[in-house]
Structure formats: C-alpha cells, structure tokens
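Chemist: Take this structure first; my questions come after.
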Amino acid sequence: MTGIDISTALDAVSCLRGRERHVEKLPGGLTNVNLKVTTAEQTVVVRIPQPGSELLLIDRRNEHLNSRSAASSGVGAPVIEYVEDPGLLVVGFLEGTTYTDDDLRSSETVVRVAAACRQLHAGPRFVNDFDMFEVQRAYLSTVQRRGFRLPQGYTDFEHQAAQVRRALDAKPVVTVPCNNDLLAGNFIDDGTKLWLIDYEYSGNNDPCFELGNLWSEPNLSLEHLESLVEAYDGRLLRHRVARVRLWALVAKYGWSLWGSIQQSVSSIEFDFWSWTMEKYERAVAEFEGPDFEKLLEQATRDD
C-alpha cells in the first residue's frame with residue numbers, strides 16, 4: 001500500500017503518539033494512503049504520501065502551508081499537524097457526504113460549488129504558483145527521460161497546445177489561490193456548507209483553470225459548464241466560457257501524463273493506463289474537433 005509503515009508513521013504524529021487509536025483506511029486517493037484515526041480526544045485524517053509522488057511535482061511543504069491558508073479562508077479542513085519527514089499531513093476529520101460525479105450534475109449543487117470556489121479564490125494567496133503548461137512540460141520530460149509509456153501521437157499536438165497558450169495569454173488575468181484538482185470526491189457537504197479538501201496540486205492560478213478542470217473531470221455537459229460559469233461570475237460571457245473550455249482541454253492533455261507516470265511508479269491497485277487514455281482521447285477529440293479554432297478566437301474577445 002505504501003513504502004511507509006503505517007504504525008511507525010502514526011507514532012510520528014505528536015497528537016497520536018502513545019494514545020489508543022482506531023484506524024480506518026479511507027476510500028479514494030490515488031497518490032496517498034488516507035487514514036481516519038480516532039482517539040479519545042479527536043478524530044483526524046492522516047495523509048501518508050505514496051512513494052514516487054515527487055515525480056508528480058507534489059511539494060509537501062507547499063501543500064501544508066496552502067492547506068493552512070485554505071482553512072483560514074473557511075473552506076479547508078483545519079490543519080492539526082505536519083510531520084516534515086516523512087511528509088505526513090494531519091487535518092481535522094469533516095463529518096459529511098463526499099460528492100460523486102452525479103452530484104455535480106445538480107443545478108442546485110452547481111451554485112454551491114461556484115460559491116465555495118469563490119470563497120477559496122478570495123482567500124489568502126498560496127505560497128506557490130501553478131501553471132498547467134509548465135506542469136505538462138515537466139511531466140513530459142519525466143516520461144520521456146525515464147522511458148515511461150506515452151500515448152501514441154502525444155507530441156503531435158504540441159502545436160495546438162501552443163495555440164491555446166497564446167490565446168489565453170492574450171487576455172491575462174489575476175491569479176487566485178486554487179485547489180487545481182477539484183474532483184467530485186474533494187467536496188464534502190456537511191449539510192450546511194461545502195468544504196474543499198486535498199491541496200496537493202494547489203497554487204495561485206487562473207480561476208478559469210479551476211472551473212475548467214472541475215467541469216472536465218466528471219465529463220459534464222456544455223449546459224452544466226455555462227451554469228457553472230454564470231454562477232461563478234454572476235453573468236454569462238462567451239469569452240469566459242471559451243477560456244474555461246480551453247483550460248479544461250489543457251488539463252486533460254496535461255493530466256494524461258500524470259496517469260502515465262503513475263502507471264509506472266504507483267503501487268496502488270488502479271488501472272492508470274485506462275485513466276490516461278480516457279483523458280488523452282478526449283483531449284485529442286477537442287484538439288481535432290470543430291470548435292477548437294472558434295474557442296481560440298472567442299477567448300480573446302471582450303464579450
């Protein structure tokens with residue numbers, strides 16, 4: 001499950017050391033082992049990193065500091081402790097329901113999700129920046145240098161990716177603190193508010209990347225995308241929708257290499273290659289699709 005012995009890891013956490021504890025492995029998580037640990041005093045979640053996660057450009061110090069900032073914004077779980085070696089993050093356990101992809105298809109949920117994103121984005125800036133173009137480039141270098149499996153024809157779309165970057169750069173925006181990995185499972189509904197968890201890939205970024213990645217991961221419809229953008233912005237503008245769609249395309253193209261790396265280094269039982277190809281094939285369909293040139297043009301408009 002992990003290269004770190006769980007009992008030894010938990011003994012490294014001061015609030016758990018020497019205490020009787022009940023340990024339960026939480027589902028989900030493809031780069032860590034996540035444990036719910038209950039003692040007489042409290043219930044916490046301990047994140048134990050998976051060996052090889054450094055190849056995914058995860059900086060555990062940044063994750064810790066950004067998690068603290070997200071908590072101060074009111075949408076992140078409280079940070080209890082951080083153990084630098086071996087990179088354990090301990091946060092308060094949040095009672096609530098974890099979202100599924102189907103939950104994100106609800107119009108009521110879209111409004112709540114947009115509000116939670118705005119709250120995070122209005123909070124304290126994070127200690128680092130996140131740029132999916134740079135992440136994709138670094139991932140590709142890792143895959144090629146180490147001889148990992150690469151989707152056939154992957155580099156054939158570098159020209160189109162560069163076109164997207166030019167279109168997005170034509171209208172620069174102020175970056176905000178973003179989670180950058182808002183899968184459905186990273187939302188917890190406690191019945192009153194939504195919490196956003198897991199800040200491994202967090203960093204200051206274009207908010208349209210956040211919305212695009214959020215829309216893309218569960219493969220929602222264009223109608224859902226427009227509802228999300230309108231709920232976030234308070235109005236619906238074509239250039240914002242186009243910008244979100246282009247960032248979603250960049251996300252698929254970049255994250256597919258994340259799966260390529262995980263396929264080669266992860267000990268977690270998961271079909272990373274099928275995950276990779278699903279992302280890549282969707283990206284190819286959009287690069288080659290009838291809307292690509294139109295989105296490039298619309299993203300540079302003012303309306």
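The values are calculated or read from the model by the stated rules, or taken from the named source; none is laboratory data. These figures come from a predicted structure and were not determined experimentally. Positions of Cβ are backbone-derived with ideal geometry, glycine not excepted, and every protein chain shown enters the neighbour counts.
Chemist: I need the strands (runs of 3 or more DSSP E) fully contained in the range 1-82, keeping only those with at least 1 residues that are closer than 28 Å to Asp131 by Cβ and outside the structural domain of Leu140 (by TED's automatic domain parsing).
Modeler: 32-38, 43-49
Chemist: Which number in (1) among the polar types (S, T, N, Q); (2) more than 22 Å from Asp206 (Cα to Cα); (3) in contact with a Phe, Trp or Tyr (Cβ under 7 Å, 6 or more places away or on another chain) marks the one condition that Gln160 misses?
Modeler: (2)
Chemist: Contact list please: Cβ distance under 7 Å, first residue in the range 274-300 and farther than 20 Å from Leu140 by Cβ and in contact (Cβ under 8 Å) with a residue 40 or more places away in the chain, second residue small (Gly, Ala, Ser) and surrounded by 17 or more Cβ atoms within 10 Å (Cβ to Cβ), pairs at least six apart or on different chains.
Modeler: Pairs that qualify, where the first residue is farther than 20 Å from Leu140 by Cβ and in contact (Cβ under 8 Å) with a residue 40 or more places away in the chain and the partner is small (Gly, Ala, Ser) and surrounded by 17 or more Cβ atoms within 10 Å (Cβ to Cβ), are Leu295/Ala242; Leu296/Ala167; Gln298/Ala242; Ala299/Ala167; Ala299/Ala242; Thr300/Ala167.
Chemist: Determine which member of the set Glu20, Glu24, Glu63 is of a type in the set (Asp, Glu) and crowded, with 18+ Cβ neighbours inside 10 Å.
Modeler: Matching residue, one of Glu20, Glu24, Glu63: Glu63.
Chemist: Among Asp198, Asp190, which is acidic (Asp, Glu), more than 25 Å from Glu281 (Cβ to Cβ), at pLDDT 95 or above and surrounded by 18 or more Cβ atoms within 10 Å (Cβ to Cβ)?
Modeler: Criteria check complete, one pass: Asp198.
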